[in-house]
Structure formats: C-alpha cells, structure tokens
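The values are calculated or read from the model by the stated rules, or taken from the named source; none is laboratory data. Worth saying up front: this structure is predicted, and the values here are computed from it rather than measured. Ideal geometry is used to build each Cβ from the backbone, glycine not excepted, and the neighbour counts take in all protein chains shown. Surface accessibility is based on the protein's heavy atoms, side chains included, excluding ligands, DNA and RNA. Shrake-Rupley method; radii C 1.70, N 1.55, O 1.52, S 1.80 Å.
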Amino acid sequence: MTTTATGSSKTELHSTMAAEYERLHALHALQILDTPPEERFDRLTRIVREVFGIPIVMITLVDADRLWTKSCFGMEPCEEARSREDTFCHYAIKGEDILLVPDARLDTRFAHFKAVTGAPHVRFYAGAPLHAGATRQRVGTLCLMDCEPRTLSSRQLELLRDIADAVEQQLSMQQTVDAVRELNEQRILLYAIFESVADAIFTLDTHGLIENFNPAALRLFDYAADELAGKPVRELVPALEPHLTDGSGGALDSNLEGRRKNGVVFPLEAGISPMQMADRTMFTVVMRDISERRHMERLKNEFISTVSHELRTPLTSIRGALGLVLGKASDGLSPKAKQLLETATRNSERLTLLINDILDLEKIESGRLEFIFTALDLVAVTRQAISANESYASQHQVSLRLDGAPEQALISGDEHRLLQVFANLISNAVKYSPPGGVVTICIDRQYHYWRVSVHDNGKGIPDAFRPRIFQRFAQADASDTRDKGGTGLGLSITKAIVERHEGAVDYTSAPGDTEFFFTLPATEIGNPAGEAVEARFRLLICENNSDTALMLSELLQEEGFACDIAFSIAKVKALLMMHTYDAMLLDIAMTEGDSMTLLQDLREHPEHRKLPVIMINGHQGDPTSGPGFDVLNISDWLHKPVDPERLKQALRQVLQAGGKPRILHVEDAEDILQITQLLVEDIADYTPAASLAEARQALKNGFFDLVLLDLGLPDGNGLSLLEQIDPRSQVLVFSGKESSSAISNRVAESLTKSKTSNEELLATIRKLIHA
C-alpha cells in the first residue's frame, strides 16, 4: 500500500510540474515581464477603479517565483515584484472562476498574509484569472482589493470577467505587435539583401515581362531603371523565356547568352524559380555574368591539352627507352646502373599514372569522361584484369586468384573503364599485401546485381579514415604515399566510374582482412543492355547498406516496379535531378549526410513537395514523436528488418494516393470522346484513341488502369486489342452494339451507349478503376 501511494504521489507531482511548465511557457511567450508601464493597460485599471469604486486595482502576472505587476492603482510601491506564495493572485490562478474573498480576516487561507495583518490591511479581494496561449493557460489576474469587507453582485462579477477579457486581448496584442515588428525587420533585411547582392535579380510575370529588379540587374545589362521596367525578358536573354512555360522552373542553365543595351553579347548563367503571389504566378530569375568563368575554363582546357600532349608524349618515350635498355640491352649493365634504371622506370610509371588520374578526374568532374556501354561478360572482364595485373603482383611477390566465379555474368558496361576499376582495386590490394600473400577476386550474384570483391590480407584501414577514403588525394597514412606509391585518386575515380554504371562501391576492413567490393546491375539474355523494362511505377531506394538495398530492389522488381538505388545522399540528389519517381524509400541513417535534412530540402522544392516518402528505421521506438516530423509529409514508417508484406501495403497506399488512374478510350466518334473526357477529367488521366492503330501505339507506350473499347472501329473490332492489353488492366466495352453473352472473360463490364446515362457510365468507370 505504501509503494502504491508513493507511486501515485510521484505521478501527481510530475503532472503538476508539467502543467506549471506549460503555464510559464505561455507567460514568457508574451514577452511582457519587466516591461515599462503602458497606457493601454493603465486605462483599463482606471476604468475598473471608477466603475467598481474600489481603491486598489492591479493587473498582475504570476511568474515562477514572484508576482509582477503590469499596472496598479491604489497601492505603493506597485511596481515592485513580490514573492508569489503569500499573495491572493497565487490562489486566483488555480481555478477558472473569479476568486472572491469578502473578508480575508475570516478566511483561514489568507488571514495570516502580511498584506492582511499589516499595511495595507486588505480585507476584500476579487481576482479574475487572465489567460494566454493556444491552451489558455492562467498567467495572471485582474484583481480588486479594499481595506473594508465587501462583496460583488453577480452582475459585477460578469462585468469584471468582461474587462479581464479585454486585458487578455491587450496581452495577446503584444505578441501580434512583436510579430509585426519582426516581420518588418525581416522585410528590411530582405530588401537590403536584394539591393546589395552581386547577382542580378528579376521578378517576371507569366508573360515574361520584367516587374522588379535590383541595382545589380541595371549594372549587368547597362540600362536605366525606367528603361528596364516592363521590358520583355527575351530582349535581354532571348533563350530564357521558354523556361517560363516548359515546366523547367528551378533549373540552373549555364548555357545562356545575355544582350546588353549596347548590343554586346556575353555568357550568362540563370536560375529560375516560380512563386505564388496571392492569386497569380510569378517567376524569380537570378542571373550571373560567367564571362570570367568561361575564360578560366578555356585556360584550364588549354592547360589540360598541353599536359596531355607535352607531358604524355615525352613520358611515353622515356618509359619505352628505359624498357628497352632494361630488356634487350641490360646484359652489359653493372648492378648499380641496372638499379638506377629500374628506379627511373618505376618513377616514370608513377608519373604517368598521376597524370592519367588527374586528367580522368577532371573529365569526371566536368562530365566529359566518355563511356561506351556495350553488352559484356563480367567474368571475362575480370579474367582480363587479372592477367593485366599479374606482372605488377609478381613484382610485390603477391599472387592473384579468381575464386568462385560463375560461368557467365552479363552486364552493360564500358570495358575500358571497368578494367580501370579493377586496376585500381587490385593494385591497392597488392601494395598492402605482405610478401607471399594472395589477393582473391570473387564474383557473386545478389538479386539483380553482380557483386565483385577484391580481398587482401594487409594491415587494414583505420575506422577514422572511412569518411574520407573515397575523396580525392586521400591516404590513410601520409607515409603510404612514399612507401607504397600512388596518387590518392584511384578510389575517387573508381567510385565515379562504378556510379556511372548505376552501381556502388564500398569496403570492409579489419587487421589482416580487407575487402573492397562493387556492384553492377545484371542484364539477362533477351533483355539487351540499355533496354529498359516497362514498368508502371518507378521507385528510388535510398539505402547505404548494399545488402538491404539489393534485397528491397529484388523484392520490388518482382512486384513489377522499376527501381533505382542510391547508396549516398549525393546520389539521391543526382538521381532526383535525372529522373521522376513515383515514390522513395529513405533510410533514416544514410551516410555522408542527414536523411531528415535531405527530406526537408526536398519539401522546399515544388517538384518534390508531394513525392511520397516511406522512411526506413533501423532502431526501435516511434521516431515520429521527434520535433518537425509533422511538416515533412512522411507517408509511412517501416522498421528493419523490413516486412515484405508491410512494404507492399505501404506502397499500395501511397501510390494510389499519389496520382490519378489512367484511362484509354478507344472510340472513333469525336463527340463521345469529348463527353467521356469531361466526365472523367477530375478522377483520371484520359487518353483518346480514334483507331486500333492509335490504341496499339498507346498501349505500347504505357500502362492503363482501364480501357474503354468500342466494338465498331474504322480499322476493325475493338476486341482484337484484348491480347495486347495488360492483364492487370480493367476492360469496359462501351459500344453502340449490344454485346453477346459469350464476350471474352477479359471484359469486366459491357455497356450499350444508347442505354447508358452519364451517371451510369461514370459510376461503372469509378467502380472499375478502384477495383
């Protein structure tokens, strides 16, 4: 019994503390404590004093450990803060009703108060609670006090409550005033930024007419302010206007040309963003002169061309000459001379690799590294890579071994670039293997991907180096560069090449056991490289664990979804720029960035604001209780290990909510097409086809939830399309001819035009698209 009572007391204490915390939060949000007297509050206390004929009137606020007076008449010094415990107001805020004390000397709660036993000898008190905040927390009182006993009538109590409500309005008005002041300060700040920013900023209407601009815009195009207002933007940037109508708002275009007032043309970069202003759409355009950047790019390209020719050519000659001397002419060389020539050969090869890596990295970053994708057998490519690197391995007394490879592993790839990946991974494994060690290469099938691993028995990679290992010029130990050679660019280039193949690269490491691996999408016989399989929905899987990502991809592709995988935040952003997705699966613990920050950024872009996102959480508990989740529009949460049926259910819900069903109407009567389109335009995307030929083309281009068929068409019977219609589609015959009872079982419903009202047709369509 004692334990239960103690537990109950603790619960009540916690509840009381929580309530007091909420009350104080509402009080402090008013930002009125310790502010000077204000006439708007003093006016109300004067009115109360005159109306009630009572000598002492106060507006008080009850803080954590004090009573603070905002307005006071009849008591001195009324501005001082007092301890809240020995005050009538402390009791008044405990309930909603007005606290009425006719004679404090006769009330055991208050008879001992200093204000009762001493000056000002309070006898009468009436206090109306004052509320604040959305939950109407009691934060203070409007109170009356007298040195003589008295009471108030019910009408006077109502009047006191009405005036207290007026005080509450003044308290809340303070927050409004503060909000307006803050808004004005933000407006001033934004205007200052608009006026001082170095980039040219324009606002345009939907017709491309300039409405507003900053001083940088005048300087960029050399116009006066009165000359630029109302001018069509096409006169400044001829190629910009199409961006306002083709849906590419938000894009950053670096291939534009601007035209100044004097006719001089210059290279320009522009970012375009739509914005909604009241009931109309406008565009914000930020422009920048990139003449200097283009000049620097030309200098860089000229330098790269010089490096490519002026360094590679003599290096090739040097390496070739050294090779000949060490080969055919080495018999008469002294051991010392031979050692010096071997040193020169190693360093010439090292310099060649450095130059090649730097040039490749520059091409990757500028998007100019060429890839030629063809159908390849990954096993054959792997054997070729092992053969090419065996000589290098022998120099380090290390052997290479292909272990557990399948007979064939079909992929779509660039053979030269993949050999470059193998060379980087194998050479790293060889360099860090002990003499007599073995580097093992394995190829395994994982769902719809091939996984290639390169395993060595070196000293391992420190955990602290993991975040930087795929960065440029990264070395786990600075001494490695001198001892082992290398540029620190190989893994960065490897990562870029593998990701261009829609794969991923990663590693595991422990002392004596290091494995680098990469994945490449598998292709099958009958599905040539580069030929996409038609799917109704396309999903983006954002998961840094390759095994989990591949499992999800396999599961969803079996359900008919097209899937892309992103193993990092950067890859997520790149794929979202390249493709349009129907939904996204996002691991809450993505590496190289914060998943919730990524999601917040997506919600700020109109094109991704409504993208359904299903979060995957590897931890127990309910993550939706954290701050900010309610504004991120998360469609659902799944916990690891992911339940396949739960995942399918979540996807069904978000995809059905995410877009309209598609209807194909095969009908040669234009009037029927127009009427049907008007009927369904609010519930479905409508595609008309006036002939069998048009219908076949439409069916070839995509999936339809419902197909309406007319039987009598200019080029044949609509039922001849049944073999081409996806089995998942519903089929409704809507024809002038009555259908026989022997119609195909592929037809869900059959309606006759002359016997079917618009309401019946729409009801049938609704039923079938939701079947």
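Considering the stretch 219-228 alone, what residues qualify as being open to solvent by 40 Å² or more (accessible area, probe 1.4 Å) and in a helix (DSSP H, G or I)? Those that are open to solvent by 40 Å² or more (accessible area, probe 1.4 Å) and in a helix (DSSP H, G or I): Arg219, Ala225, Asp226, Glu227. Within the stretch 145-186, the set of residues being touching a Phe, Trp or Tyr at 6+ places or on another chain (Cβ under 6 Å) and among the aliphatic types (A, V, I, L, M) comprises just one member, Met145. Examine the stretch 288-299 for a residue that is at pLDDT 85 or above and more than 25 Å from Ala198 (Cα to Cα), and state whether such a residue exists. Within the stretch 288-299 (the criterion being at pLDDT 85 or above and more than 25 Å from Ala198 (Cα to Cα)), the answer is no, since none of the residues qualifies. Could you list all residues from the stretch 466-507 that are under 31 Å from the mean Cα position of the chain (by Cα) and at pLDDT below 60? None - no residue of the stretch 466-507 is under 31 Å from the mean Cα position of the chain (by Cα) and at pLDDT below 60, so the list stays empty. Going by the structure shown, is Ile201 in contact with a Gly (Cβ under 7 Å, 6 or more places away or on another chain), over 30 Å from Gly133 (Cβ atoms), at pLDDT 85 or above and of a type in the set (Val, Ile, Thr)? Against the criterion (in contact with a Gly (Cβ under 7 Å, 6 or more places away or on another chain), over 30 Å from Gly133 (Cβ atoms), at pLDDT 85 or above and of a type in the set (Val, Ile, Thr)), Ile201 does not qualify. With respect to the conditions (1) among the charged types (D, E, K, R); (2) under 30 Å from Ile59 (Cα atoms); (3) open to solvent by 40 Å² or more (accessible area, probe 1.4 Å), Asp178 lacks only one, and its number is (3). Under the condition of being surrounded by 15 or more Cβ atoms within 10 Å (Cβ to Cβ), among the basic types (Lys, Arg) and not in a strand (DSSP E or B), the residues counted in the stretch 115-141 number 1. What residue, among those in the stretch 432-442 that are within 40 Å of the chain's Cα centre (by Cα) and crowded, with 19+ Cβ neighbours inside 10 Å, is modelled with the lowest pLDDT? Going through the qualifying residues, I end up with Tyr432.
The requirement of being assigned to a loop (DSSP other than H, G, I, E, B), over 24 Å from Gly503 (Cα atoms) and in contact (Cβ under 8 Å) with a residue 24 or more places away in the chain is fulfilled somewhere in the stretch 386-397, by at least one residue.
For residues that are more than 38 Å from the chain's Cα centre (by Cα) and more than 24 Å from Leu678 (Cβ to Cβ), tally how many sit in the stretch 688-720. The number of residues fulfilling the criteria is 8. Do you know which of the residues in the stretch 300-329 that are touching a Leu at 6+ places or on another chain (Cβ under 8 Å) and modelled with pLDDT of 75 or more is nearest to Ile355 (Cα to Cα)? The qualifying residue nearest to Ile355 (Cα to Cα) is Leu322. Exactly one residue among Asp710, Asp705 is touching a Ser or Thr at 6+ places or on another chain (Cβ under 6 Å) and over 20 Å from Leu540 (Cα atoms), and that residue is Asp710. The set of residues in the stretch 361-387 that are surrounded by 13 or more Cβ atoms within 10 Å (Cβ to Cβ), at pLDDT 75 or above and not hydrophobic (A, V, I, L, M, F, W, C) comprises Asp377, Thr382, Arg383, Gln384. Each residue in the stretch 399-422 was checked for being among the aliphatic types (A, V, I, L, M), open to solvent by 30 Å² or more (accessible area, probe 1.4 Å) and more than 23 Å from Pro511 (Cα to Cα), and 3 pass.
Screening Asp331 against (1) within 29 Å of Leu489 (Cα to Cα); (2) surrounded by fewer than 16 Cβ atoms within 10 Å (Cβ to Cβ); (3) of a type in the set (Asp, Glu) leaves a single unmet condition, (1).
Kindly check whether there is at least one residue in the stretch 142-165 that is outside any helix (DSSP H, G or I), of a type in the set (Lys, Arg) and either open to solvent by 60 Å² or more (accessible area, probe 1.4 Å) or more than 30 Å from Phe73 (Cα to Cα) (or both). Yes, that holds for at least one residue.
Of all residues in the stretch 191-218, those satisfying the criterion of being part of a strand (DSSP E or B) and touching a residue at least 12 places away in the same chain (Cβ under 8 Å) are Ala200, Ile201, Phe202, Thr203, Leu204, Leu209, Ile210, Glu211, Phe213.
The number of residues in the stretch 334-352 that are surrounded by 13 or more Cβ atoms within 10 Å (Cβ to Cβ) and over 26 Å from Gly488 (Cβ atoms) comes to 2. Identify, please: which residue in the stretch 700-721 is within 25 Å of Ala562 (Cα to Cα) and at pLDDT 90 or above and is, among those, surrounded by the most Cβ atoms within 10 Å (Cβ to Cβ)? Taking the candidates together, the pick is Val707. Answer with yes or no whether Ala742 is modelled with pLDDT under 90, under 42 Å from the mean Cα position of the chain (by Cα) and not acidic (Asp, Glu). Judged against the criteria, Ala742 is not a match.
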